[in-house]
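Asker: Okay, handing you the structure first.
The values are calculated or read from the model by the stated rules, or taken from the named source; none is laboratory data. Every value quoted in this text rests on a predicted model; they were computed, and no experiment measured them. Quick reminder, even Gly has a Cβ in these numbers, built from the backbone with ideal geometry, and neighbours come from all protein chains shown. Heads up: the accessible areas ignore ligands, DNA and RNA and are worked out on the full protein's heavy atoms, side chains in. Shrake-Rupley method; radii C 1.70, N 1.55, O 1.52, S 1.80 Å.
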Amino acid sequence: EWDGTSASLLTAADASLSVALENINPEPNQVILGLPDNWVTADKIQTEKQPLLKKLTDELSLKPIGFIVLTEAITHWLKSKEGTPPTAILVGLTSTEATITLVKTGTSLDSQIVGRSEDLGNDVAEGLARYKTSDTLPSRMIIYNSHLDLETARQTLLSFPWTEKLPFLHFPKIDLLENQILLKATVAAAASGKSLLPPADQPSPRSPSQDLGFYKNQDVLTKPIPKSTLPSPLPSPPPPR
C-alpha cells in the first residue's frame, strides 16, 4: 500500500523489489511499468505523473523500458486464457477507489474512476451510468485487486438490483481474479506480442514491443512517444563519385 506520496511509493516499491529479487543474481535494472488507466492519456504517461515515476526509478536505479495500462493487460490475459476476446465489466478495487472498465469483444472503453463509499453496488452503478449508453451491458463482472478481500465485495455486488437500475438483459455473473493478476497480466502482456503482430500480407516497420509502449533507446518517462508515431526512414547515402 502507499498513500499517494512519493516517499511512501518509494518505500513500498523498495520493499516489494527486495522480496521479488531475493536470490536473483545479477539483479535486473530495467523495469516495465504497469500503470492505472488514469495515469495514461493518448498513449502517454500523464505529465503530472512523470516526475513521480522518474523519482522512483532514479532512486531505485531502474531504467524504464516501457509501460502497460493495467486494464489492457487484464483484457489481453483474459483473451489468452479463455480463447476469445472478452466482453465484460472490469471492476478494479482499492480501499478508496473503484475503477470501472467496460470491455466489448476485447476492446476496453475509457475507464471510470469512482470514489469508494460504504455501498459498493452504488459506486459501480455510478461508474457504469457515466458511459451514457442505451446498449445492453455485459452480463459479466470481473473483480480484481492485489490484496483486498474480494469475496466480500462479490457478495455485496450479488445483492445489488442490477437489472432494475441499469440496462442488463440478465443479472450479471460476478467472477473474481486471483490476487496476483495485475502482476501476471502485466508480465504476460509484456512477454507476448502475438496478438499485436500485423497480418502477414501487411508488413509494418513497427514491432510488437512498440505497440506495448517500448521504444529502443528512448526514456519512456521523459520522451513518451504516441503509438501513432512511426520511425523515420534513414537518409539515403550519397551517390558514389
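Asker: Scanning segment 109-140 for residues that are of a type in the set (Gly, Ala, Ser) and under 14 Å from LYS165 (Cα atoms), which turns out modelled with the lowest pLDDT?
Answerer: SER134
Asker: Return the pair list, or none, for Cβ contacts closer than 6 Å from residues in segment 1-17 that are among the hydroxyl-bearing types (Ser, Thr, Tyr) to residues that are open to solvent by less than 50 Å² (accessible area, probe 1.4 Å), at least 6 apart or on different chains.
Answerer: That search, which allows pairs on different chains as well, returns SER6/LEU52.
Asker: For segment 153-162, give me the residue count where each residue is surrounded by fewer than 14 Cβ atoms within 10 Å (Cβ to Cβ) and either in contact with a strand residue (DSSP E or B) (Cβ under 7 Å, 6 or more places away or on another chain) or in a helix (DSSP H, G or I) (or both). Let's see the steps before the verdict.
Answerer: Taking segment 153-162 as the starting set, the residues that turn out to be surrounded by fewer than 14 Cβ atoms within 10 Å (Cβ to Cβ) are 155, 159, 161.
Going one step further and asking which of them are either in contact with a strand residue (DSSP E or B) (Cβ under 7 Å, 6 or more places away or on another chain) or in a helix (DSSP H, G or I) (or both), we end up with 155.
So the answer is 1.
Quick grid of which residues meet (1) acidic (Asp, Glu); (2) modelled with pLDDT under 90; (3) part of a strand (DSSP E or B); (4) surrounded by 17 or more Cβ atoms within 10 Å (Cβ to Cβ):
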position: ILE24; (1), (2), (3), (4): no, no, no, no
position: LEU33; (1), (2), (3), (4): no, yes, yes, yes
position: ASN38; (1), (2), (3), (4): no, yes, no, no
position: LYS54; (1), (2), (3), (4): no, no, no, no
position: PHE67; (1), (2), (3), (4): no, yes, yes, yes
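Asker: Go through segment 93-108 and report how many residues are within 17 Å of TYR144 (Cβ to Cβ) and either modelled with pLDDT under 90 or not aliphatic (A, V, I, L, M) (or both).
Answerer: Looking only at segment 93-108, we keep the residues that are within 17 Å of TYR144 (Cβ to Cβ), and these are 93-103, 106, 108.
From what is left, the residues that are either modelled with pLDDT under 90 or not aliphatic (A, V, I, L, M) (or both) are 94-97, 99, 101, 106, 108.
Qualifying residue count for the region: 8.
Asker: Kindly list the number of the only condition in (1) modelled with pLDDT of 95 or more; (2) touching a helix residue (DSSP H, G or I) at 6+ places or on another chain (Cβ under 8 Å); (3) open to solvent by 80 Å² or more (accessible area, probe 1.4 Å) that fails for LYS165.
Answerer: Of the numbered conditions (1) modelled with pLDDT of 95 or more; (2) touching a helix residue (DSSP H, G or I) at 6+ places or on another chain (Cβ under 8 Å); (3) open to solvent by 80 Å² or more (accessible area, probe 1.4 Å), the odd one out for LYS165 is (1).
Asker: Which residue pairs have Cβ atoms under 8 Å apart, sit 6 or more places apart or on different chains, and have a first residue in segment 149-177 that is in contact (Cβ under 8 Å) with a residue 12 or more places away in the chain and a second that is open to solvent by less than 30 Å² (accessible area, probe 1.4 Å) and hydroxyl-bearing (Ser, Thr, Tyr)?
Answerer: Sorted first by the residue in segment 149-177, then by its partner, the pairs are LEU150/TYR144; LEU176/TYR144; LEU177/TYR144.
Asker: Scan segment 32-55 for residues that are touching a helix residue (DSSP H, G or I) at 6+ places or on another chain (Cβ under 7 Å) and closer than 24 Å to THR99 by Cα and report the count.
Answerer: Initially, segment 32-55 is screened for residues touching a helix residue (DSSP H, G or I) at 6+ places or on another chain (Cβ under 7 Å), giving 32-37, 39, 45-46, 49, 52, 55.
Checking which are closer than 24 Å to THR99 by Cα leaves us with 32-37, 39, 45-46, 49, 52.
The qualifying residues number 11.
Asker: Among the candidates SER111, SER139, which residue alone is surrounded by fewer than 18 Cβ atoms within 10 Å (Cβ to Cβ) and either within 20 Å of LEU157 (Cα to Cα) or out of contact with any strand residue (DSSP E or B) (no Cβ under 6 Å at 6 or more places or on another chain) (or both)?
Answerer: Numbers: SER111 fails: surrounded by fewer than 18 Cβ atoms within 10 Å (Cβ to Cβ).
After ruling out the rest, the residue left standing is SER139.
Asker: Could you figure out which of (1) closer than 24 Å to SER192 by Cα; (2) open to solvent by 60 Å² or more (accessible area, probe 1.4 Å); (3) touching a residue at least 12 places away in the same chain (Cβ under 8 Å) isn't true of GLU59?
Answerer: GLU59 satisfies all of (1) closer than 24 Å to SER192 by Cα; (2) open to solvent by 60 Å² or more (accessible area, probe 1.4 Å); (3) touching a residue at least 12 places away in the same chain (Cβ under 8 Å) except (1).
Asker: Further question: Look at segment 126-152 and say how many of its residues are outside any loop (DSSP other than H, G, I, E, B) and more than 25 Å from THR107 (Cα to Cα). Show your work before the answer.
Answerer: Initially, segment 126-152 is screened for residues outside any loop (DSSP other than H, G, I, E, B), giving 126-129, 137, 140-144, 150-152.
Pick out the ones that are also more than 25 Å from THR107 (Cα to Cα) and you get 151-152.
Qualifying residue count, segment 126-152: 2.
Asker: Based on this model, can you work out whether ILE89 counts as in a strand (DSSP E or B), within 15 Å of LEU35 (Cα to Cα) and aliphatic (A, V, I, L, M)?
Answerer: Values: in a strand (DSSP E or B): yes; within 15 Å of LEU35 (Cα to Cα): no; aliphatic (A, V, I, L, M): yes.
No: the conditions fail for ILE89.
Asker: When you scan segment 78-88, do you find a residue that is among the small types (Gly, Ala, Ser), surrounded by fewer than 16 Cβ atoms within 10 Å (Cβ to Cβ) and within 16 Å of the chain's Cα centre (by Cα), even just one?
Answerer: Here is the first cut: in segment 78-88, the residues among the small types (Gly, Ala, Ser) are 80, 83, 88.
Okay, now just the ones that are also surrounded by fewer than 16 Cβ atoms within 10 Å (Cβ to Cβ), so 80, 83.
Applying the additional criterion that residues be within 16 Å of the chain's Cα centre (by Cα) yields 80.
Looking for residues that are among the small types (Gly, Ala, Ser), surrounded by fewer than 16 Cβ atoms within 10 Å (Cβ to Cβ) and within 16 Å of the chain's Cα centre (by Cα), one finds at least one in segment 78-88, hence yes.
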